[in-house]
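Step one of this worksheet: look at the structure below.
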Amino acid sequence: MSWEKKEFLYEGKAKKVWSTERDGFYVIEYKDDLTAFNAQKKATMEGKGQLNNEISAHLLAYLASRNIETHFVERIDERKQAVKAVSIIPLEVVVRNIATGSLCKRLGIKEGLEFPRPLLELYLKNDALDDPLVTEDHALLFGWASEEDLKIIRAISFKVNELLKELFRKRSIVLVDFKLEFGRTGEGRLVLADEISPDTCRFWDSSTGNRLDKDRFRKDLGDVLGAYREIWRRLSAKEE
């Protein structure tokens, strides 16, 4: 299927977006840029965009096969995807299974603490404000989401967590936490959007505890692309 880019719409930290000749569909191109700490730390690594495109396409297709509706249509080439056009809900949804990162810093929680159930947090998508943590009441009062939206977001997020934890467990990877975004289609349906990749998830090797995600860039651990390649190698390998 041919997807011809039409009008350039938007460039974010990790992707570019175009409209297409087909009404209701966009083309997304993954960039080689790496950013951390709200883009205060930046780098470019050749091949990173291709890896995230492959990984995210694989995971979104996997979720779709498990009845999670997403914006993903198909992978076009090494860097590009076709997706449904959606209006993004201005909330980042973070699901945490193990304590690490900003949670430990904010609350003094010991890193590595496993939770008896997943923790869901909401952050306002606003770079100028450093994507602050918000409550469901904030989302309701300021019109960022409705009660029904939040109910759907919570249910889908926890289902995604279950599915991805099991998928990665079989590949000797611990899903520590991850970020999701949601968008509304032209028909008004709320669907999973954006990407799922080592940029937006924390992955730990289940045997060694080695980081296999963007924390290698955040913490100057080195071999960032090697970690991304390892995630793709394990995901794309045939199950025995």
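Candidates are the residues of region 131-148 that are outside any strand (DSSP E or B) and in contact with a Phe, Trp or Tyr (Cβ under 9 Å, 6 or more places away or on another chain); the one that is surrounded by the most Cβ atoms within 10 Å (Cβ to Cβ) is Ala145. For region 179-203, a tally of residues being out of contact with any Phe, Trp or Tyr (no Cβ under 9 Å at 6 or more places or on another chain) and either crowded, with 21+ Cβ neighbours inside 10 Å or free of Cβ contacts under 8 Å to residues at least 40 places away in the same chain (or both) returns 4. Strands (runs of 3 or more DSSP E) fully within region 1-42 that include at least 3 residues being surrounded by 12 or more Cβ atoms within 10 Å (Cβ to Cβ) and in contact (Cβ under 8 Å) with a residue 40 or more places away in the chain: 15-20, 25-30. The one condition from (1) closer than 30 Å to Ala128 by Cβ; (2) surrounded by fewer than 18 Cβ atoms within 10 Å (Cβ to Cβ); (3) of a type outside the set (S, T, N, Q) that Leu60 does not meet is (2).
A short reminder: the numbers here are calculations on the coordinates, not readings from a lab. The structure displayed is predicted, hence computed values, not measured ones. Glycine gets a Cβ as well: all are built from the backbone with ideal geometry, and neighbour counts include every protein chain shown.
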